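Data first, discussion second: the structure below is written as structure tokens.
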Amino acid sequence: MPGKILVLGAGGAVGRPLVRALVARGERVRAATRDGRAVEGAEGVAFDHADPATFAPAFEGVDRLHLMLPGGYVAVTQMLLPVVDFAAARGVKTVMQSVFGVDADDTIPYRQVELALERSGAPFVILRPNWFADNFLNYWGHGVLAGEIAVPAGEGASSFIDVRDVAESAAAALTTDRFDGRAFNLTGPAALTYAEAAAILAGALGRPVAYRDIPEAPFVEGLIAAGLPADYAPFLASIFAPVRAGWTAAVAPDVETLTGRAPRSLETWARDAAPAFRTLAAA
Ligand SMILES: NC(=O)c1ccc[n+]([C@@H]2O[C@H](COP(=O)([O-])OP(=O)(O)OC[C@H]3O[C@@H](n4cnc5c(N)ncnc54)[C@H](OP(=O)(O)O)[C@@H]3O)[C@@H](O)[C@H]2O)c1
């Protein structure tokens with residue numbers, strides 16, 4: 001019988017739909033959160049990147065790992081490399097949630113983790129998702145409700161991806177060895193500017209939403225005022241430079257290669273997210 005799948009960040013944006021997809025496939029899942037609670041019908045297990053003592057108990061009975069870094073952290077190599085080594089030493093296959101475009105430069109921390117995984121000797125799949133459509137709710141939701149998405153994206157377009165498509169791609173990579181040893185670029189079906197995205201959200205939510213291009217400095221100040229960590233806010237601002245340069249506009253066929261179907265559109269994402277926006281508005 002195959003072993004269990006350890007899903008890190010199981011209560012998060014990608015982790016929750018991933019656990020759901022794996023349980024639906026009949027897989028035995030260990031859902032990792034810092035407090036070890038059960039998630040989406042899967043057994044819960046405590047795991048903290050910052051506490052290596054949690055690694056061995058979390059890996060009990062595990063032969064496959066979904067590796068990811070929670071949002072809000074900038075210490076990419078420090079937090080991920082120990083887990084890559086730990087999994088490889090046990091021969092555990094790792095499906096790594098990386099970031100779109102990091103293969104452009106081997107000095108980028110996420111790329112360094114990819115390279116370590118490629119050299120680890122253990123089976124692996126690398127997934128590089130583009131900007132999540134879900135950021136319009138999870139990061140910019142209050143702005144959307146107030147009628148404005150204010151980010152330093154210029155006129156750059158991005159092929160926003162629904163986290164359900166990231167999760168279903170990861171589920172495919174974890175449950176077959178057909179994709180082992182390869183990297184995949186996960187994108188939505190179309191490149192959209194933030195002005196185009198705002199118009200789609202306005203149509204789906206039935207409320208006015210506009211885009212305003214703002215400089216990085218006030219953007220960072222606003223993020224810190226909203227409670228983002230002081231080191232993460234400038235990092236988040238910095239990753240809009242590739243957006244302005246047009247590097248996040250590429251559309252790849254890889255979601256369909258992995259899952260057998262086309263990725264969801266931003267229209268579909270926004271329509272399905274409407275109840276969550278109503279919940280946010282009522283909070
Ligand atoms: N947002 C985007 O547009 C985008 C695009 C491409 C790639 N990515 C990458 O995707 C990653 C984020 O994925 P996500 O949005 O699914 O994650 P997430 O929702 O930000 O976080 C997942 C979970 O991680 C847990 N967590 C927090 N600190 C932890 C720690 N020290 N140790 C263990 N678990 C911890 C939290 O749950 P508990 O509190 O329950 O433990 C959290 O719910 C980032 O690394 C980012 O670079 C994001």
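The values are calculated or read from the model by the stated rules, or taken from the named source; none is laboratory data. Since we're looking at a predicted model, the values are computed, not measured. Positions of Cβ are backbone-derived with ideal geometry, glycine not excepted, and every protein chain shown enters the neighbour counts. Just the protein is used for accessible areas: all its heavy atoms, side chains included, with ligands, DNA and RNA removed. Shrake-Rupley method; radii C 1.70, N 1.55, O 1.52, S 1.80 Å.
Using θ = phi - 60° and the Karplus curve 6.51 cos²θ - 1.76 cosθ + 1.60, what whole-Hz ³J(HN,Hα) does each residue of the range 59-64 get, with Gly and Pro shown as x?
Whole-Hz 3J(HN,Hα) from phi for the range 59-64: 8, 4, x, 9, 10, 9.
Which value in nm describes the separation of the simple spin-label points at residue 145 and residue 221, placed 7 Å from the Cα toward the beta carbon?
Using points 7 Å along Cα→Cβ, the separation is 2.5 nm.
What are the residues whose amide H is under 5 Å from the amide H of residue 151, where those residues sit 5 or more places off or on another chain and H is modelled from the backbone?
212, 214
Over all alpha-carbon pairs in the range 4-122, figure out the percentage whose distance exceeds 18 Å.
48 percent
From the square roots a ≥ b ≥ c of the eigenvalues of the alpha-carbon gyration tensor of the range 175-239, which class results: rounded (a/c under 1.5), prolate (a/b over b/c), or oblate?
Because a/c hits 1.5 or more and a/b fails to exceed b/c, the range 175-239 counts as oblate.
Between the range 254-283 and the range 29-45, how far is it from one alpha carbon centroid to the other, in angstrom?
24 Å
Taking only C-alpha pairs under 8 Å that are 6+ residues apart, what is the relative contact order of the chain in percent?
18 percent
Run through the DSSP bridge list for the chain and note the antiparallel percent, rounded to the nearest 5.
Working: 3 of 32 bridges.
Just about 10 percent of them are antiparallel.
Please list the helices of the chain that count as membrane-span-like by this rule: a mean Kyte-Doolittle hydropathy of at least 0.5 together with Cα atoms stretching 24 Å or more along the helix axis, each helix being a complete DSSP H run.
Span-like helices, by this rule, are absent here.
Starting from the Cα-Cα distance between residue 50 and residue 283, subtract it from 0.36 nm times their residue separation and give me the gain in nm to one decimal.
Roughly 80.7 nm would be gained on extension.
In deg cm²/dmol, rounded to 500, what helix-only [θ] at 222 nm does the chain give when every DSSP H run of at least 4 residues adds -39500 (n - 2.57) and the total is split over its residues?
-12000 deg cm²/dmol
Taking H as built 1.01 Å from N, whose amide H comes closer than 5 Å to the amide H of residue 67, not counting residues under 5 places away?
95, 96, 97
Using a 1.4 Å probe over the heavy atoms of the protein chains, calculate the carbon and sulfur portion of the accessible area of the chain as a whole percent.
Roughly 55 percent of what the probe reaches on the chain is carbon or sulfur.
Taking a label point 7 Å from the Cα of residue 250 along the Cα→Cβ vector, which residues of the range 88-103 have an amide N closer than 17 Å to it?
Once the point is set 7 Å along Cα→Cβ of residue 250, 98-103 turn out to lie under 17 Å by backbone N, inside the range 88-103.
Roughly how many Å² is the accessible area per residue of the chain, as a whole number, for a 1.4 Å probe?
With the other protein chains kept in place, the chain gives 43 Å² per residue.
How big is the dipole moment of the chain about its Cα centre under a simple scheme where the beta carbon of each Lys and Arg is +1, that of each Asp and Glu is -1, and everything else is neutral? Debye, nearest 20, please. Each step should come with its number before you reach the end.
Working: 24 positive and 31 negative charges, 146 e Å.
Here the size comes out at about 700 debye.
May I ask for the Rg/Rh ratio of the chain, computed from Cα atoms with Rh as the Kirkwood radius, given to two decimals?
Dividing the radius of gyration by the Kirkwood radius yields 0.96.
Expressed as a whole percent, how much of the Cα-Cα distance distribution for the range 216-283 exceeds 21 Å?
Numbers: 1318 of 2278 pairs.
The calculated P(r) of the range 216-283 puts 58 percent of pairs beyond 21 Å.
Using θ = phi - 60° and the Karplus form 6.51 cos²θ - 1.76 cosθ + 1.60, what ³J(HN,Hα) does each residue of the range 35-50 get, whole Hz, x for Gly and Pro?
Those phi angles translate into 9, x, 6, 5, 10, 6, x, 9, 4, x, 8, 7, 8, 9, 3, 7 Hz.
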